[in-house]
Amino acid sequence: MSFDTSSWLAQARALIGPAHVLSADNGDDLTPYTRDWRGKFQGPALAVLRPGSTAEVQALVRLAARTGVALVPQGGNTGLCGASVPMAGGLQAVLQLGRLKRIREIDPENNTATVEAGCILQTLQEQAGAVGRLFPLSLGAEGSCQIGGNIATNAGGVQVLRYGNMRELVLGLEVVLPDGEILDLLRGLRKDNTGYDLKQLFIGAEGTLGIITAATVKLFSAPSAEVVAFAGVASIAQAVRLLGAMRGHLGDRFTAFELISGPAVALVRRYFPETPALLSGDWPWYVLMEAADGGSDETLREAVQAALMACLEDECLEDVTLAGNLAQGQTLWSLRENITHAQQMDGSNIKHDVSLPISRIPAFVEQMLPRLQQAFPGARPIVYGHLGDGNLHFNLSAPEGVEAGTWQAQTEAVNQVLHDVVVAMRGSISAEHGIGQLKRHEMAMYKTPAELALMRRIKQALDPQGLMNPGKVL
Ligand code: FAD
Ligand code: 2HG
Ligand code: ZN
């Protein structure tokens, strides 16, 4: 029996209102929802569904289960692995969570917020800040990514060093399961050992096990003082020594430690010419550091200055500048956050998001750079990332003059050179961005049969019809 699209769309419109079902036959442009942020992946959709409540999500999931239509959950569509857009083939609809954006409750005494999945990350940061609290997840896409997407990808970002990944920040979830049942795990408890911790299944599952509709997340006291510093180092080994030394000096006050290569700084300055020169000399590597606490700016500044002076004496850095005020601190952070944009503006690149034990990162980078240059002459490595977490974005821009299609065709070969070494050193091929469709076949190659089999059993148990984000992760 052939599928009756008009009747299906009519049923969806009856459930959530005609204005919230976008479809091509209605003249709607679906491209912003069916193409990913990088413009690398695009797939067809019967419709984009925009529910406004958990009950509406439930009704749509039930419709999908009854009619065999797969759902692709989507937040801000800023993901970098093609997980938030449909793949070619099969009946699919995008389930866009953006209207489900209420902050249901902020409880300053319990240090928690209960927030719907479609709430933009920056909105939650601001609302927490308004009551003297900090929601610490912070990443370049925070103005458009959504809490549901952050949870589904177990996002990392630039404050993991102090506060952990999204997984560490989630206390409770509300999820619509593939059969339409609502799983209410919205508890704001720091201690709860009542059996399996079910919420963990959905964190980092990239929408393959159910639709997250709300979450209770941890908040922290908002710091009253913040200090940002930018250092030049002669090698990654020196950067790793600097990390250890600064941690020793500042302990919990140390909140971010980001590595940026010389070529990455040059690229940002090329595409964002307003970026000032930050140090008097040029260094092969730079480090952006941040410290924060609940005291005065002056006291923290003195502590950071003393720590940096000691590091200079101990030859853990070559040169350093301290942001004099908030605006200068923001300039330093803009440099870091503009790397992704500068590399995108510069043309085609092959991204990597690897993690390793921090102690092995100098050896890894030192062997990888010449090996890649030899295998792919002219390729331009743009290496940066969250060194404090052992996570590097080892991205390779196309050689000058090589067109995008030709360079992208090298993806598998480049990945193999890099990821074989990462796995041999017991690292991960996806530290924070996830698997999506980009790394699905690589994950299948590198994970053990036992891990893959268990993942498939979990998927089969929760989503036997295979209607939750098909073709992603597994
Ligand atoms: P989407 O891209 O819409 O979706 C991502 C995945 O989550 C998909 O599998 C989707 O199906 C699923 N999903 C979305 N909402 C739900 C839901 N409610 N229920 C179930 N599944 C759902 N990532 C980092 O970890 N660290 C960084 O530092 C970082 N920096 C970035 C900087 C830039 C400039 C950009 C463009 C991206 C960056 N990212 C980073 C990647 C991305 O922003 C994160 O992965 C983010 O968490 C995705 O959120 P989103 O709302 O855009 O999700
Ligand atoms: C970052 O750390 C993000 O800036 C994006 O994770 C990395 O664009 C990238 O490759
Ligand atoms: Zn990152």
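The values are calculated or read from the model by the stated rules, or taken from the named source; none is laboratory data. This one's a predicted model, so the numbers in the text were calculated from it and none came from an experiment. Glycine gets a Cβ as well: all are built from the backbone with ideal geometry, and neighbour counts include every protein chain shown.
Do we find that A264 is within 23 Å of Y163 (Cα to Cα), outside the structural domain of V160 (by TED's automatic domain parsing) and assigned to a helix (DSSP H, G or I) in this structure?
Details: within 23 Å of Y163 (Cα to Cα): no; outside the structural domain of V160 (by TED's automatic domain parsing): yes; assigned to a helix (DSSP H, G or I): yes.
No; evaluated as a whole, the condition is false for this residue.
Kindly indicate whether any position in region 270-288 is assigned to a loop (DSSP other than H, G, I, E, B), aromatic (F, W, Y) and surrounded by 14 or more Cβ atoms within 10 Å (Cβ to Cβ).
Checked against the condition, which is being assigned to a loop (DSSP other than H, G, I, E, B), aromatic (F, W, Y) and surrounded by 14 or more Cβ atoms within 10 Å (Cβ to Cβ), region 270-288 yields at least one hit.
Restricting attention to region 60-77, and to residues there that are touching an Asp or Glu at 6+ places or on another chain (Cβ under 9 Å) and surrounded by 23 or more Cβ atoms within 10 Å (Cβ to Cβ), which single residue is farthest from C119 (Cα to Cα)?
That would be V61.
Which one of the conditions (1) part of a loop (DSSP other than H, G, I, E, B); (2) within 24 Å of I339 (Cα to Cα) does N150 fail to meet, given that it meets all the rest?
With (1) part of a loop (DSSP other than H, G, I, E, B); (2) within 24 Å of I339 (Cα to Cα) applied to N150, the lone miss is (1).
Condition first: away from ligand 1 (no atom under 16 Å from the Cβ) and among the polar types (S, T, N, Q). Now tell me which residues in region 200-242 satisfy that.
S221, S224, S235, Q238
Quick one: which residue in E290, E318 is within 16 Å of ligand 2 (Cβ to nearest atom), within 23 Å of G248 (Cα to Cα), touching a strand residue (DSSP E or B) at 6+ places or on another chain (Cβ under 8 Å) and not aliphatic (A, V, I, L, M)?
Just a single option satisfies the conditions, and that option is E290.
Quick check on my filter: what residues within region 16-40 are small (G, A, S) and loosely packed, with under 13 Cβ neighbours inside 10 Å? It would help to see each step written out before you state the result.
First, pick out the residues of region 16-40 that are small (G, A, S): 17, 19, 23-24, 27, 39.
Of everything in region 16-40, those that are small (G, A, S) and loosely packed, with under 13 Cβ neighbours inside 10 Å turn out to be A19, G27, G39.
Is there a residue being more than 30 Å from V423 (Cβ to Cβ) and away from ligand 2 (no atom under 12 Å from the Cβ) anywhere in region 346-356?
Scanning region 346-356 turns up no residue that is more than 30 Å from V423 (Cβ to Cβ) and away from ligand 2 (no atom under 12 Å from the Cβ).
Among the candidates M443, M455, M425, single out the residue that is within 18 Å of R371 (Cβ to Cβ) and more than 16 Å from ligand 3 (Cβ to nearest atom).
Of M443, M455, M425, the one residue that is within 18 Å of R371 (Cβ to Cβ) and more than 16 Å from ligand 3 (Cβ to nearest atom) is M425.
Filter region 395-421 down to the residues that are in contact (Cβ under 8 Å) with a residue 12 or more places away in the chain and either over 18 Å from N349 (Cβ atoms) or within 15 Å of the chain's Cα centre (by Cα) (or both) and list them by number.
V421, the sole residue that qualifies.
Select, from L267, L308, the only residue that is crowded, with 19+ Cβ neighbours inside 10 Å and either touching a His at 6+ places or on another chain (Cβ under 9 Å) or at positive phi (or both).
Criteria check complete, one pass: L308.
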